[in-house]
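Just below is one structure, and these are the notes that go with it.
The values are calculated or read from the model by the stated rules, or taken from the named source; none is laboratory data. All values derive from a computational prediction rather than experimental measurement. Glycine also receives a Cβ, built like all others from the backbone with ideal geometry; neighbour counts cover every protein chain displayed. Keep in mind that these areas ignore ligands, DNA and RNA; they rest on the heavy atoms of the full protein, side chains included. Shrake-Rupley method; radii C 1.70, N 1.55, O 1.52, S 1.80 Å.
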Amino acid sequence: MAGIIQDSFGRVLDYVRISITDRCNFRCIYCMPADGIEWIPHGNILSYEDLLFLCRALTDLGVRKIRFTGGEPFVRKGFVPFLESVKEAYPNLRIAVTTNGSLLEKWAERIARLGLDSLNVSLDTLDHAKFLETTRTGDLERVLRGIDAVRQSGGVPLKLNSVVMRNFNLDEIPALVGFAAEKGATIRFIEFMPLDKDVWSQSQFVPAEEILSRLPDPALWRSCPPRDNRSEICGPSRYFQNSATGRMVGIISAVSDHFCHLCNRLRVTSTGVMRPCLFGNFGFSLFEALRGKDSEALREGIMKAVSRKPQRGETGIPSPEEGRNSLQEERHMSQIGG
Ligand code: SF4
């Protein structure tokens, strides 16, 4: 029978985000520096065999949902067959994927057959020039074709994630809401996070309340109760429903109010480091236990990470006087796994 992971503050941790690669074909401005980062050598990255072993340990401990992220997960060879083997081994596990969408078109049919719990596509702008500017290497047209291919294949709950930045896409919020409605997707607007001092800019930060005020017909949006059981509205988002259209929009106040008391998540980097909190600079390596297929050591490592989960994550958001150099350590989003 499955166990349960509970932290020192009584929170049940049943959701794990696993980064399967640090590599990405984009160079998003809020995610990594322009000249990229040094890729981790292949030998230090968890193999698919290691990852399957990790999934077993996690499901035995009561984890009910795993999200695979990157970098960009679809750039790793064999990712879709790997997802198929996870699904086959753990049919009741909820599986989600976060992607930049650039490689979706090729895999749409196989993704549709997988029965994913959700597919989250990052989409910050609908403007081709701005898309290229923010991703540095991306082609918006390919992403849009990927979204359409997934829709046409059917059966995958689609979410769009937009990081909102001042002087970049704040004015696009109504267009993005309209686009999501047209594609039958749920859109979530995410506060720009101070994770990486190389790319963080306080002047571009837009708080959740301001994002909310920029929705089309702002008076029509009603807050949905947190932790409603509907799967589309679980998680760190606060959801709002339009009283005229019934459409839902999520707002993730990752900085101004990160809902720590409801936090049910753990993260594992592509090198097998379990990080109990996105905003903590600490983690516990599970790599040796995974390589050695040592279930006991793995369980111990997981529980050690759990014991260090803070009651509340410190965003480390610097004051204007402190400036961005006060951010403690480089934490590139692509390395943490978003
Ligand atoms: S800051 Fe840390 S504890 Fe708070 S919600 Fe985020 S991951 Fe969970």
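Overview of values
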quantity	calculated
Rough spin-label spacing in nm, given labels placed 7 Å along Cα→Cβ, for S201 and K87	4.0 nm
Net dipole in debye of the chain [+1 Lys, Arg Cβ; -1 Asp, Glu Cβ; about Cα centre; nearest 20]	880 debye
Among T135, T21, T269: highest mean-square fluctuation, GNM of the chain, C-alpha pairs under 10 Å	T135
Where GluC sites (Glu not before Pro) in DSSP loops with at most 11 other Cβ within 10 Å are excluded, longest remaining stretch of the chain	39-320
Förster-model FRET efficiency, 25 Å R0, F282 and L262, C-beta, rounded to 0.05	0.70
Among I29, I147, I66: highest mean-square fluctuation, GNM of the chain, C-alpha pairs under 10 Å	I29
Cα gyration tensor shape for the range 10-109, rounded if a/c is under 1.5, else prolate or oblate	prolate
Separation between Cα centres of the range 13-46 and the range 267-286, rounded to whole Å	13 Å
Straight-distance crosslink candidates among lysines, where the alpha carbon sits under 27 Å from K77 and sequence neighbours closer than 8 are dropped	K65, K87, K106, K159, K293
R312 - accessible surface, heavy atoms, 1.4 Å probe, Å² rounded to 10	120 Å²
More than 31 angstrom apart: percent of Cα pairs within the chain	29 percent
P(r) tail fraction, the range 140-225 - alpha-carbon pairs more than 22 Å apart, %	36 percent
Solvent-free Debye scattering, log10 I(q)/I(0), computed from the Cα coordinates of the range 59-175 at q = 0.10, 0.21 Å⁻¹	-0.33, -1.17
Alpha-carbon centroids, the range 243-257 and the range 144-158: separation in whole Å	22 Å
Estimated inter-spin distance, R308 and S223, nm [label 7 Å along Cα→Cβ]	3.4 nm
Rounded to 5, percent antiparallel among DSSP beta bridges of the chain	30 percent
Rounded percent of accessible protein surface that carbon and sulfur make up, the chain, 1.4 Å probe	50 percent
